[in-house]
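See structure below.
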């Protein structure tokens, strides 16, 4: 194993997997819903709508990419790709980007229900391009912290 892979794997274990496993699917669904609403509210009061649109485009793209990885756990074929093709259009207004983000987050919440119903445990993983294999709850933690951290870059009025 290369040094970078070893370091990223250790970071994933400590900062993604451990906190991810601390919550049930129901708790993740509640947290993702609340944090999604906070991100949308932050975007709604953005000082710079163009910058906010760019950030939401990035956040939505990563989340949709992560959803595809979560669907591997539900039986879809494995895939290794980048997030670029999952991003919404560059010509979306801030309101359209917000709507796209809300739909994306709703789709994530639906996936949480599907993972719970399928009883996907911590013995099943899907690959992350940088952090290695993540469990379902690890992926939910990753999507949650990524969106929350990136949304902090949206400047407020």
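We did not get these values from a lab; they are worked out from the coordinates using the rules stated. Quantities reported herein were computed from a predicted structural model and do not represent experimental measurements. Don't worry about glycine lacking a Cβ; one is built from the backbone with ideal geometry, like all the others, and counts go over all protein chains shown.
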Check your understanding: Among the residues of the range 63-77, which ones are touching a helix residue (DSSP H, G or I) at 6+ places or on another chain (Cβ under 9 Å) and in a helix (DSSP H, G or I)?
Key -> 63, 64, 65, 66, 67, 68, 69, 70, 71, 73
Check your understanding: Does residue 107 satisfy the condition of being loosely packed, with under 15 Cβ neighbours inside 10 Å and assigned to a helix (DSSP H, G or I)?
Key -> yes
Review point. In the range 1-24, is there at least one residue being within 17 Å of residue 105 (Cα to Cα), touching a residue at least 60 places away in the same chain (Cβ under 8 Å) and crowded, with 16+ Cβ neighbours inside 10 Å?
Key: no
Review point. Are any of the residues in the range 88-102 closer than 23 Å to residue 73 by Cβ, surrounded by fewer than 17 Cβ atoms within 10 Å (Cβ to Cβ) and in contact with a helix residue (DSSP H, G or I) (Cβ under 9 Å, 6 or more places away or on another chain)?
Key: no
Practice item. Quick one: in the range 78-87, of everything that is in a helix (DSSP H, G or I) and in contact (Cβ under 8 Å) with a residue 12 or more places away in the chain, which residue is surrounded by the most Cβ atoms within 10 Å (Cβ to Cβ)? Key: 86
Point to revise | Index of the failed condition, residue 124 passing every other in (1) closer than 21 Å to residue 30 by Cβ; (2) surrounded by 13 or more Cβ atoms within 10 Å (Cβ to Cβ) | key: (1)
Point to revise | Residues (over 22 Å from residue 56 (Cα atoms) and either surrounded by fewer than 17 Cβ atoms within 10 Å (Cβ to Cβ) or out of contact with any helix residue (DSSP H, G or I) (no Cβ under 7 Å at 6 or more places or on another chain) (or both)) located in the range 25-37 | key: 26, 27
Exercise for review: Please find, among 53, 60, the residue that is more than 15 Å from the chain's Cα centre (by Cα), more than 18 Å from residue 20 (Cα to Cα) and part of a helix (DSSP H, G or I).
Suggested key: 53
Revision key, fill the gap. Pairs returned, first residue in the range 48-77 that is without any contact (Cβ under 8 Å) to a residue 24 or more places away in the chain and on the phi < 0 side of the Ramachandran plot, second residue that is in a helix (DSSP H, G or I) and buried (at least 16 other Cβ atoms within 10 Å of the Cβ), beta-carbon separation under 7 angstrom, 6 or more apart or interchain, are 65/86
Exercise for review: Considering each of 126, 117 in turn, give the residue that is more than 13 Å from the chain's Cα centre (by Cα), within 22 Å of residue 22 (Cβ to Cβ) and without any contact (Cβ under 8 Å) to a residue 12 or more places away in the chain.
Suggested key: 117
